[in-house]
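One structure is given below, encoded as structure tokens.
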Amino acid sequence: MPPAATPPPGPRAERDPAVVYILGAGRSGSTLLERVLGCLPGFVNVGELVGLFRRIVVQDQRCGCGEPFSGCPFWQEVGRRGFGGWDPEAVRDVAALQDRVARQRNVVRLAVPAVAGAAYRAELARYEDVQRRLYRAIAEAAGADVVVDSSKWPAPALALRHAAGLDLRVLHLVRDVRGVAYSWAKSDVARPHVTTDGAAVMSRFSAGLTAARWTLVEAEAAWLTRATERAATVRYEDLVEHPRETLARTLAGLGFSPALGDHLRIEGGLMTLPSSHGIGGNPSRFTTGDVRLRVDDAWRTRLSRRDAALTTAIGLGPLLGHRYLPQRPTSDRPRS
């Protein structure tokens with residue numbers, strides 16, 4: 001797979017870039033969404049930054065360009081600009097800081113910092129500084145004005161809500177929980193970003209556990225979206241079926257010009273996606289060229305009736321809120 005051309009370094013930014021943080025459950029189409037946004041002028045998509053210090057650097061995982069992290073010129077330039085390089089001890093220190101500050105167990109303290117102690121608030125301020133340096137280094141290395149971070153988890157976004165000077169814009173991506181559950185139940189999803197460390201296939205989870213996690217993330221994402229000045233919600237299904245119209249509405253909600261979507265190369269249901277430097281996430285980030293946009297709705301016939309009923313019951317509130325219900329049942333769904 002040929003590596004992507006490294007964007008020429010831009011002039012040093014006079015201010016922090018805008019950050020579009022994609023929020024939502026895993027297997028919701030975030031890799032497609034961030035790559036679509038990365039095609040817009042002035043935007044750069046970089047995948048799931050939440051795993052950068054904890055996994056990507058230490059495991060030397062592959063960048064979306066196909067190179068191991070240590071061999072990717074773009075990420076090495078980001079490290080040089082932001083931190084003077086990827087020093088192993090410093091990387092471990094940031095990973096430990098992230099674990100103490102920006103994990104889901106800290107959602108309440110992150111949502112209401114006043115209830116947290118002084119020591120936690122001091123660590124939170126340090127974490128905010130690290131992330132600002134990272135975003136700025138990415139923007140400078142790419143010559144971009146907007147960084148697209150598809151980390152998805154609410155906690156890291158909450159940790160950045162009050163960061164001084166950070167232009168954080170929240171993009172809540174949602175997909176039908178039944179499609180999410182079916183995707184997470186698959187046992188053969190490869191992890192081509194892995195080099196020498198880690199499992200060769202992605203983890204899988206039961207329908208009930210997936211639905212419970214989806215429902216919790218949706219509740220947190222809905223609250224965070226309402227609490228953020230520049231925010232938008234987009235359904236995966238709408239993005240794939242009506243990409244131009246959906247993207248225009250999304251950009252407007254985020255405070256960008258809807259006309260930016262005119263730069264996308266979409267024709268006859270095909271969209272041209274160049275290689276990018278996205279890290280982590282779905283293996284589809286390695287697919288380049290003409291990609292057919294179509295809804296992955298295999299769950300309608302392959303998800304068992306039991307699991308369909310279970311996930312619907314657990315996720316009923318958000319399913320109704322996002323207009324996934326009522327819905328005509330599928331007659332040929334497996335019974336088991």
Consider all pairwise Cα distances in the stretch 33-130 and report the whole-number % of them above 23 Å. 38 percent
Charges only on Cβ, +1 for Lys and Arg, -1 for Asp and Glu: so what's the dipole of the chain about the Cα centre, in debye to the nearest 20? 1020 debye
Excluding D238 itself, what net charge comes from residues whose Cβ is under 12 Å from its Cβ, given Lys and Arg +1 and Asp and Glu -1? +1
For q values of 0.06, 0.15 Å⁻¹, compute log₁₀ I(q)/I(0) with the Debye formula on a Cα-only model of the stretch 18-321, without solvent. -0.18, -1.30
In the stretch 21-76, taking the dipole from +1 charges on Lys and Arg beta carbons and -1 charges on Asp and Glu beta carbons about the Cα centre, the listed residue (N45, C72, S30) farthest towards the positive end is S30
Order these peptides, 239-252, 32-45, by their mean beta-carbon neighbour count within 10 angstrom, highest first. 32-45, 239-252
Computed over the Cα atoms of the stretch 104-175, what is the convex hull's projected area averaged over all directions, in nm²? 5.5 nm²
To the nearest 20 debye, the stretch 214-326 has a Cα-centred charge dipole, built from +1 on Lys and Arg Cβ and -1 on Asp and Glu Cβ, of 220 debye
Which one, L303, A227, T272, projects farthest toward the positive side of the charge dipole computed for the chain from Cβ point charges (K/R +1, D/E -1)? L303
In Hz, Karplus ³J(HN,Hα) per residue of the stretch 78-85 (6.51, -1.76, 1.60; θ = phi - 60°; x = Gly, Pro): 4, x, 5, 5, x, 9, x, x
How long are the semi-axes of the equivalent ellipsoid of the stretch 134-289, taking √(5λ) for every eigenvalue λ of the Cα gyration tensor, in whole Å from largest down? 25, 21, 19
Farthest towards the positive end of the dipole of the chain, among L293, A212, S187 and with Cβ unit charges of +1 on Lys and Arg and -1 on Asp and Glu, lies the Cα of A212
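Determine the percent antiparallel among the DSSP beta bridges restricted to the chain, to the nearest 5. Can you show the working numbers first?
Values: 8 of 28 bridges.
Close to 30 percent.
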Inter-label distance, nm, simple model (7 Å from Cα along the C-beta direction), R306/R323: 3.5 nm
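No value in this document is a laboratory result; all are computed from the given coordinates. Please read these numbers as outputs of a predicted model, since none were measured by experiment. Here the Cβ is made from the backbone with ideal geometry for all residues, glycine too, and neighbour counts use every protein chain on show.
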